[in-house]
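*Asks:* Let me give you the structure first, and then I'll get to my questions.
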Amino acid sequence: MPLTVHLDDELDAPGTRAELASLPHWLRAGGSTAAVRAVSGNRPNWTERVHAALTRETRAILLSDVTPVDPASVRELAATAEAAGVPVVVASPWALNPATLDAAEQLRAAAPSSALVEAFTAHDVAPAKALLAQLALLRTTVGDVTSLRLTRNDQHGHLGSARLADVPVHLSGVRSTAGPDTRLILRGRGEQWRVHFGDPALARPATVIRIDENGEHLLPTVYETAHRAAWRHTHAATEGVTPPYTLHQLADDLSLLPAGALPR
């Protein structure tokens, strides 16, 4: 029996309903009383909206398009959700992409021996959102970064550095309307990994390539968007499976952002 889903007005769009329709055995769009609730994070008060969803006999929540907020409020929300026994899946445009999650074990194994990890994005979103999405991608694929330092952070983009244990991490982003372009690169002496994300609006899948002395090796292509995968993780969460990106991890990434990127 599929679980019914209540969609925020901002998320109740043909594309979202098409994603649900493609998972008919697990989920279906429903009314105001539903087992699963999808909450848009595209407003500064999204934590209040998640709090409200926790009071409605909800079995799981999918949080999408997160706007950066005070990490302390997210930690409080995570504790409330745990006490209520309601898992919250945090959707992210790249971190939950099935291609990267499938390759995460290999990428994590390659990261410690890398000389440099690079994350770049060109996207028409606020730079703080793009930076937060980059941190989520790094966390789910190669590990937790620390010591984030930004040398540029304005309306045009960001430029900064961080650490992944002993490996330097370079993060950059530019705000552009030319079309989404996101890359993650692990540069090592004898091996290099390249992850490239296409425009989801064009249904272009992510590519994961390993380069070594024998040439380029393309990992199996996965034709699924990150947001459809987020719905699968939400259903799995109702059965006790831990989501790949949670409120606790979101709070940890928010705590790395500079004060200027958070609301005052």
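The values are calculated or read from the model by the stated rules, or taken from the named source; none is laboratory data. Bear in mind that the values here come from a model prediction, so they are computed numbers and not experimental data. With ideal geometry, Cβ positions are generated from the backbone for all residues, glycine too; neighbour counts draw on all protein chains shown. For the accessible areas, the whole protein counts, side chains as well, though only heavy atoms, and no ligand, DNA or RNA atoms are used. Shrake-Rupley method; radii C 1.70, N 1.55, O 1.52, S 1.80 Å.
*Asks:* Among the residues that make up region 77-92, is at least one of them acidic (Asp, Glu) and either closer than 22 Å to Val222 by Cα or not in a strand (DSSP E or B) (or both)? Show your work before the answer.
*Replies:* First, pick out the residues of region 77-92 that are acidic (Asp, Glu): 82.
Imposing the further condition that a residue be either closer than 22 Å to Val222 by Cα or not in a strand (DSSP E or B) (or both) reduces the set to 82.
Yes, that holds for at least one residue.
*Asks:* Also, I was wondering about something else. Of all residues in region 196-226, how many are surrounded by 12 or more Cβ atoms within 10 Å (Cβ to Cβ) and either in a strand (DSSP E or B) or in contact with a strand residue (DSSP E or B) (Cβ under 7 Å, 6 or more places away or on another chain) (or both)?
*Replies:* So in region 196-226, the residues surrounded by 12 or more Cβ atoms within 10 Å (Cβ to Cβ) come out as 196-200, 204-212, 219, 222, 224-226.
Still in the running and either in a strand (DSSP E or B) or in contact with a strand residue (DSSP E or B) (Cβ under 7 Å, 6 or more places away or on another chain) (or both): 196-197, 206-212, 219.
Residues flagged as surrounded by 12 or more Cβ atoms within 10 Å (Cβ to Cβ) and either in a strand (DSSP E or B) or in contact with a strand residue (DSSP E or B) (Cβ under 7 Å, 6 or more places away or on another chain) (or both) within region 196-226 amount to 10.
*Asks:* To continue, here is another question. Residue check, Leu137 against (1) of a type in the set (A, V, I, L, M); (2) assigned to a strand (DSSP E or B); (3) crowded, with 18+ Cβ neighbours inside 10 Å, all met but one. Which one?
*Replies:* Unmet for Leu137, out of (1) of a type in the set (A, V, I, L, M); (2) assigned to a strand (DSSP E or B); (3) crowded, with 18+ Cβ neighbours inside 10 Å: (2).
*Asks:* Can you find even one residue in region 64-75 that is touching a Lys or Arg at 6+ places or on another chain (Cβ under 7 Å), in a strand (DSSP E or B) and open to solvent by less than 10 Å² (accessible area, probe 1.4 Å)?
*Replies:* Taking every residue of region 64-75 in turn, none turns out to be touching a Lys or Arg at 6+ places or on another chain (Cβ under 7 Å), in a strand (DSSP E or B) and open to solvent by less than 10 Å² (accessible area, probe 1.4 Å).
*Asks:* Give the residue that is farthest from the chain's Cα centre (by Cα), with candidates limited to residues of region 147-158 that are under 25 Å from Pro112 (Cβ atoms) and open to solvent by less than 70 Å² (accessible area, probe 1.4 Å).
*Replies:* From region 147-158, those under 25 Å from Pro112 (Cβ atoms) are 147-150; that's our starting set.
After this cut, where a residue has to be open to solvent by less than 70 Å² (accessible area, probe 1.4 Å) as well, the list is 148, 150.
On the way: Leu148: 18, Leu150: 21 Å.
Filtering first and then ranking leaves Leu150.
*Asks:* Could you tell me which residue of region 114-131 is farthest from Pro98 (Cα to Cα), considering only residues that are open to solvent by 10 Å² or more (accessible area, probe 1.4 Å) and touching a helix residue (DSSP H, G or I) at 6+ places or on another chain (Cβ under 7 Å)?
*Replies:* Only one residue tops the list, namely Ala128.
*Asks:* Closer than 23 Å to Glu239 by Cα, surrounded by fewer than 20 Cβ atoms within 10 Å (Cβ to Cβ) and over 21 Å from the mean Cα position of the chain (by Cα): is that true of Ala34 in this structure?
*Replies:* Numbers: closer than 23 Å to Glu239 by Cα: yes; surrounded by fewer than 20 Cβ atoms within 10 Å (Cβ to Cβ): no; over 21 Å from the mean Cα position of the chain (by Cα): yes.
Answer is no for this residue.
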